[in-house]
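Notes to accompany the following structure.
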Amino acid sequence: MNAMNQFNGSEALPQTAPTLASSSMLGELNIRNWIGRKLDKRASQDVVTQNHAEAGVANVNKKLLADSDNLRAIQRHVDATRGIHAAMTMPWSNSGLRLLPTKIYFKYNQTITQMQNEFYRLVENFLASYNDEVIDVQMKLGNLFSRDDYPTIETLRRKFSFTINYMPLPDAGDFRVDIGNEALNEVQQKYQEFYATQYERAMNDVWTRLHDALTRMSERLDYSSKEDKKVFRDTLVTNVTEMIELLRVFNVTNSTQMAAMADRLDEAMSGVTPDALREDDCFRAETKAAVDAAIKALPSLDL
C-alpha cells in the first residue's frame with residue numbers, strides 16, 4: 001500500500017489538484033560543466049593488444065588536467081548544488097522538472113542564485129589558471145598528452161552554464177487547444193492520471209525522506225545491546241528537526257495527515273539536543289520511543 005491510499009476522502013487527488021497547482025510551481029535546474037576527461041583510442045588499443053584481449057573490452061580515459069584543484073572545486077560545487085536543489089524540491093517529471101512549493105520559493109531562489117554566482121566565480125578561477133595547468137600536466141601525462149585534446153579558453157567557457165527556470169504548474173483542466181470536446185476530455189483524463197501519479201510520487205518522496213531520518217535516529221539511539229554506546233553526530237537531531245519544517249513547507253495540499261505528523265514530531269523533538277541524548281539514558285530512551293511511535297504512524301510506503 002502506498003501513501004496515496006492513506007488519505008481520506010477529503011484529500012483525494014481530484015479535489016486537491018487545483019490547490020496543488022495554486023500552491024506550487026515547477027522548477028528546473030540545468031548545470032553544464034566540463035569534466036576534463038577524454039577517451040584515448042590509441043592507448044585503449046595498446047592496452048587491448050598488450051593483454052591479448054578482444055577489441056572494445058577496455059578503454060583508457062585520460063584526466064586531461066590530472067588532479068586539478070580548480071576543476072575539482074567546480075565539480076564539488078555542482079554536486080552540492082544539485083543536492084540542495086533535490087532537498088528543497090520534490091520529484092515531478094522524468095524530464096528534470098521538480099515541484100517547488102510557493103512557500104519556499106524565495107528561500108530556494110536566494111539559495112540557488114548564490115550557488116549560481118559561486119559557480120561562475122569558480123569557473124573564472126579555473127579559466128584564469130587553465131593555460132598554466134595545461135603546461136604543467138604534460139609531464140604527468142607523458143606520451144598520453146596531446147595538445148589537440150584541449151579546447152581554447154573561449155570554447156571552454158561555453159562548456160559551463162548554470163540556469164534556473166520556473167514555470168506554473170498546470171491543472172488538469174487547463175488545455176488551451178481546439179481539438180473537439182471528445183478529444184479534449186480524453187486528453188484531460190490522461191493528464192489527470194499523470195497528475196495523480198506525479199502527486200503521489202512527490203508525497204511519497206517526502207514521507208520516504210522522513211522515514212529515513214527517523215529510522216536512522218532510532219537505530220543510533222538503541223543502546224539495548226551489549227555493544228558500546230553508539231557514536232552519532234549532531235546532525236542526527238538536526239536531520240529530523242529540518243524534516244519538520246519540510247513537512248510544513250511541502251504540505252502543498254493541506255494534508256491533515258502530514259500536518260499532524262509535523263505537530264507530533266515538533267512535540268517529540270522539543271528540548272531534544274545531541275548532548276542530552278548522549279548523557280541521559282532515560283531521556284534517550286524516551287526520545288527513541290517517541291521516534292519509534294512516529295515511524296509506526298507513517299503511511300505505508302513501498303520502500
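No value in this document is a laboratory result; all are computed from the given coordinates. These numbers come from a predicted model, not from an experiment. Don't worry about glycine lacking a Cβ; one is built from the backbone with ideal geometry, like all the others, and counts go over all protein chains shown.
At-a-glance table
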{"quantity": "Karplus-derived HN-Hα couplings along region 237-242 (A = 6.51, B = -1.76, C = 1.60, θ = phi - 60°), whole Hz, x at Gly and Pro", "calculated": "7, 5, 4, 7, 5, 5"}
{"quantity": "Filter on Lys41/Lys140; Lys107/Lys159; Lys103/Lys159 - keep pairs with C-alpha separation over 23 Å", "calculated": "Lys107/Lys159; Lys103/Lys159"}
{"quantity": "Cα gyration tensor shape of region 71-151, rounded if a/c is under 1.5, else prolate or oblate by comparing a/b with b/c", "calculated": "prolate"}
{"quantity": "Residues in region 79-101 that a label on Asn125 would reach, taking backbone N under 16 Å of a point 7 Å out along Cα→Cβ", "calculated": "79-81"}
{"quantity": "Gyration tensor verdict on region 27-118 (Cα atoms; rounded if a/c is under 1.5, prolate if a/b is larger than b/c, oblate otherwise)", "calculated": "prolate"}
{"quantity": "Most to least packed among 267-273, 113-119, 25-31 [average Cβ atoms within 10 Å]", "calculated": "25-31, 113-119, 267-273"}
